[in-house]
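Structure first, commentary second.
The values are calculated or read from the model by the stated rules, or taken from the named source; none is laboratory data. What you see is a predicted model, and the numbers here were worked out from it, not measured in a lab. So basically every Cβ, Gly included, is an ideal-geometry build from the backbone, and we count neighbours across all protein chains shown. Calculation scope for accessible area: heavy atoms of the full protein, side chains included, ligands and nucleic acids excluded. Shrake-Rupley method; radii C 1.70, N 1.55, O 1.52, S 1.80 Å.
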Amino acid sequence: MSFPFEALAACRAELEAEASANDAQAVFPTHGLMRLRALGVFSAALPLAFGGCWPDAAPEAATGLLRLLRLVGQGSLALGRVVEGHVNALRLVSRYGSPAQCAAIAADVREGALLGVWVTDGAHPLQLEQTAQGLILRGQKAFASGAGHVTRALVTARTQAGTTVMLLVAVGQDCVIHPSIGGLSGMRGAGTGQCDFAGLSVAPDSLIGQAGDYLRQPEFSAGAWRTIAVALGGIERLTTVLREQLAARGRAQAPAQQARIGRALIAAQTALDWTRRAALVATVQDRYEAGDITATVNLARIAVERAGLEVIELLQRGLGLSAFIKTNVAERLTRDLATYLRQPAPDEALCEAAAWFTHRDLPPTEAFP
Ligand SMILES: Cc1cc2nc3c(=O)[nH]c(=O)nc-3n(C[C@H](O)[C@H](O)[C@H](O)COP(=O)(O)OP(=O)(O)OC[C@H]3O[C@@H](n4cnc5c(N)ncnc54)[C@H](O)[C@@H]3O)c2cc1C
């Protein structure tokens, strides 16, 4: 199946308009979600045999998914976060699940299931308990995106033996959803909430893979390439807004503003180059050492974060106070991007990658088309 990239590109303005309209009340973009579903966004990353768009572990899978995530991010970072979580769950099930679990999740997705990966614990970390009645989940997941809309969540839980396991659970009436963490200043449309599992009964076939699989490298770090592909879209959109608004106000010809436009374009292109490198290395894994994959994706994370922070600064300095007025889309886009860029453990990602590449060169990606 080929993916309709032009149609996705054409609906970016619609996604952006809904994100702006929903921002104040932190409303989830249900219309945009339906539009993306109709375009096949949620089934594109399925294995080819189950109706997906690209062959597993092939360069075209990297470049195709990168293009998709980037386009969604250009329209809405909040929806990008939701799509990225869905793809992440699919990837983890296809990597670690049994053939029967892979077939079942593919069928669910084709019927409209929305997946999420909820691994960040709340005040009471999620525990899996073996009781006389069977397996029970107890505890909370926080910063759970798509809460109230995700129908199946891949969660991590600690066992009584002290290991970490993954489970794919149906998010239904037995889970108490707090749909949004009200105080988040950006990404208010991502439905980032909390899910309380107060003794949810789970079947043994909800378990995905073996204990410890979630943290297994290089997959654990490699998956971050999809997160930065969405952020890249946000960076590109903000760069376009800077150019358009400076031109519209007759200020684009000033040498200092031209320098800002140039620096923003360089930052956006740098983010694209790093994301493409990370996507290829993380997808075509059999050509690379695990350490090279992990460290490349970690460097890409920091490069994209840096590029995003630079574009935010250039935009705010270049547009001045108008970039802080709520009716200017630049204000919301900046908040969303600044929030989205807060990903876990950036210091560790940079230092570990730097240590790895101190005595090695970056792996080549030039051989790919
Ligand atoms: C909009 C949004 C949606 C999200 N959706 C989901 C979701 O669906 N599912 C999910 O599981 N999670 C989700 N998250 C949570 C996300 O995955 C991360 O957990 C979160 O963004 C981490 O951000 P942080 O800045 O608090 O990270 P931290 O890792 O706490 O980093 C903050 C700073 O502390 C430093 N630091 C980290 N650890 C240490 C340490 N031990 N000692 C000293 N310094 C340290 C870091 O380097 C960094 O400088 C979401 C977050 C956001 C913002």
Exposed-site-free run, longest, the chain (rule: trypsin sites (Lys or Arg not before Pro); DSSP loop; at most 16 other C-beta within 10 Å): 1-215
Find how many whole Å separate the alpha carbon centroid of the range 167-186 from the alpha carbon centroid of the range 210-288. 28 Å
For the chain, which whole percent of the accessible surface, found with a 1.4 angstrom probe, sits on carbon and sulfur atoms? 55 percent
Ignoring GluC sites (Glu not before Pro) buried by more than 14 other Cβ within 10 Å or outside DSSP loops, the longest site-free run in the chain is 112-288
Quick one: length gained pulling Ala170 to Glu129 fully straight, 0.36 nm per residue minus the C-alpha distance? 13.0 nm
Compute the helix-to-body angle for 30-39: its Cα long axis versus the longest principal axis of the chain, expressed 0 to 90° and rounded to tens. 80 degrees
Prolate/oblate/rounded label for the range 121-251 (Cα gyration tensor, a/c 1.5): prolate
So for the range 219-357, taking the charge dipole from beta-carbon charges (+1 Lys/Arg, -1 Asp/Glu), which of Ala222, Ala354, Gly308 sits furthest toward the positive end? Gly308
Which value, in Å², gives the accessible area per residue of the range 115-158 when a 1.4 Å probe is used on the protein heavy atoms? 40 Å²
Vicinal HN-Hα couplings computed from phi for the range 165-179 (Karplus, 6.51 cos²θ - 1.76 cosθ + 1.60; Hz; Gly/Pro x): 10, 10, 9, 9, 10, 6, 8, x, 5, 7, 10, 9, 9, 9, x
Based on the alpha-carbon gyration tensor of the range 182-251 and its eigenvalue square roots a ≥ b ≥ c, which shape applies: rounded if a/c is under 1.5, prolate if not and a/b is larger than b/c, or oblate? oblate
Provide the net charge surrounding Ala252, with neighbours chosen by a C-beta distance below 13 Å and charges set as Lys +1, Arg +1, Asp -1, Glu -1. +3
Global geometry of the range 219-357, whether rounded, prolate or oblate, following the gyration tensor of its Cα atoms and the 1.5 cut on a/c: prolate
Between the residues Ile208, Thr120, Ala17, the Cα farthest towards the positive end of the dipole of the chain, that dipole coming from +1 and -1 charges on the beta-carbon of Lys, Arg, Asp and Glu, is from Ala17
Based only on the alpha carbon positions, what is the Kirkwood hydrodynamic radius of the chain, in angstrom? 21.1 Å
Relative contact order as a percentage, the range 5-113, C-alpha pairs under 8 Å and 6+ apart, gives 28 percent
In whole Hz, with x marking every Gly and Pro, tabulate ³J(HN,Hα) for the range 320-334 from phi via Karplus 6.51 cos²θ - 1.76 cosθ + 1.60, θ = phi - 60°. x, 4, 4, 6, 10, 8, 4, 6, 8, 4, 4, 5, 5, 4, 5
Using θ = phi - 60° and the Karplus curve 6.51 cos²θ - 1.76 cosθ + 1.60, what whole-Hz ³J(HN,Hα) does each residue of the range 273-286 get, with Gly and Pro shown as x? 4, 5, 5, 4, 4, 5, 4, 5, 5, 6, 8, 8, 5, 5
To the nearest 0.05, what FRET efficiency results for Thr30 and Ala9 with a Förster distance of 25 Å applied to their C-beta separation? 0.70
